Amino acid sequence: MLPLLSGFSEAYPDITLDLSFDDAYVDMIEHGVDVSIRSGTLDDSCLVAKQLSPIDFLICASMDYSERHGPITRHNLMQHPWIRFRFKQTGRPMPIMMRDGQAQVNLDPGNQNIVDDGEALADLCAQGLGLTQMSHFITRDWIRQKKIRPVFLYFRPKGFGVWVIYAKRDYLPARIKAFVGFLERAIQDIGESAYHTWAEHLTID
């Protein structure tokens with residue numbers, strides 16, 4: 001979201017941005033929050049949620065990882081060191097999610113390092129500390145800058161997405177309409193939508 005905010009401020013100079021960055025789920029109504037951006041799955045029935053994009057997960061390694069550790073295959077994934085993401089809300093690591101035919105399987109590799117920040121996942125992966133699984137929106141710039149590489153094609157778990165969320169109201173303030181509309185157009189301008197991401201076009205060398 002950060003690269004988009006300067007464009008929003010230029011388009012709507014009369015709207016003041018008051019930003020808070022927190023992975024914890026915040027009661028928007030209690031805290032007077034106009035709009036939240038959330039990733040993952042949703043269960044808040046009292047809020048309006050518009051999906052900006054699905055989430056495509058990629059298993060990645062540093063550029064030279066396989067030279068030092070050997071080929072990476074589905075059969076030896078559990079033998080590699082991993083960098084895992086821990087949910088702050090539960091304290092539990094996110095499972096490694098993969099497709100098995102038409103079903104989803106969740107893996108729990110034991111040899112691992114655990115962090116609670118997405119950019120730290122990418123940084124440690126680029127340093128060659130191990131394999132990691134990250135969302136497409138975290139991996140994009142790291143892959144384009146050739147700091148990490150995907151080792152499998154993307155996996156899109158059902159129900160996961162990036163959402164813009166706001167409270168249900170009879171009359172939606174113009175500032176919220178403007179911000180939500182701006183985000184939807186900005187996502188479309190980078191070639192994504194509520195149903196597609198750039199990761200769909202990714203190939204594995």
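Annotations for the structure displayed:
- Filter pass, Thr139 being touching a residue at least 60 places away in the same chain (Cβ under 8 Å), assigned to a helix (DSSP H, G or I), in contact with a Leu (Cβ under 7 Å, 6 or more places away or on another chain) and closer than 26 Å to Trp163 by Cα: yes
- Residue match in segment 109-116 (condition: in contact with a Leu (Cβ under 7 Å, 6 or more places away or on another chain) and open to solvent by 60 Å² or more (accessible area, probe 1.4 Å)): yes
- Residue in segment 68-83 that is exposed (fewer than 14 other Cβ atoms within 10 Å of the Cβ) and β-branched (Val, Ile, Thr) present: yes
- Residues in segment 3-53 that are assigned to a strand (DSSP E or B) and open to solvent by 70 Å² or more (accessible area, probe 1.4 Å): Lys50 only.
Quick grid of which residues meet (1) open to solvent by 50 Å² or more (accessible area, probe 1.4 Å); (2) free of Cβ contacts under 8 Å to residues at least 40 places away in the same chain:
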| position | (1), (2) |
| --- | --- |
| Gln89 | yes, no |
| Gly118 | no, yes |
| Gln127 | yes, no |
| Thr132 | no, no |
| Ser135 | no, no |
| Ile143 | no, no |
| Pro157 | no, no |
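Residue by residue, here is whether (1) within 19 Å of Glu119 (Cβ to Cβ); (2) open to solvent by less than 60 Å² (accessible area, probe 1.4 Å) holds:
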| residue | (1), (2) |
| --- | --- |
| Ile148 | yes, yes |
| Val162 | yes, yes |
| Lys168 | no, no |
| Leu172 | no, yes |
| Phe179 | no, yes |
| Ala186 | no, yes |
| Glu192 | no, yes |
| Thr203 | no, no |
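- Of the residues making up segment 63-72, at least one is modelled with pLDDT of 90 or more and acidic (Asp, Glu).
- The residues in segment 159-182 that are in contact (Cβ under 8 Å) with a residue 40 or more places away in the chain, part of a helix (DSSP H, G or I) and either closer than 15 Å to Thr197 by Cα or not hydrophobic (A, V, I, L, M, F, W, C) (or both) can be counted, and the count is 1.
- Of the criteria (1) assigned to a loop (DSSP other than H, G, I, E, B); (2) within 29 Å of Gly191 (Cβ to Cβ); (3) not aliphatic (A, V, I, L, M), which one Pro71 fails: (2)
- Residue among Gln51, Gln102, Gln112, Gln89 that alone is in contact with a Gly (Cβ under 7 Å, 6 or more places away or on another chain), within 23 Å of Ser135 (Cα to Cα) and of a type outside the set (A, V, I, L, M, F, W, C): Gln51
- Hits in segment 91-102 - residues which are touching a strand residue (DSSP E or B) at 6+ places or on another chain (Cβ under 8 Å), open to solvent by 90 Å² or more (accessible area, probe 1.4 Å) and free of Cβ contacts under 8 Å to residues at least 40 places away in the same chain: Arg92
The values are calculated or read from the model by the stated rules, or taken from the named source; none is laboratory data. Since the structure is predicted, the reported quantities are computational estimates derived from the model, not experimental observations. Positions of Cβ are backbone-derived with ideal geometry, glycine not excepted, and every protein chain shown enters the neighbour counts. Just the protein is used for accessible areas: all its heavy atoms, side chains included, with ligands, DNA and RNA removed. Shrake-Rupley method; radii C 1.70, N 1.55, O 1.52, S 1.80 Å.
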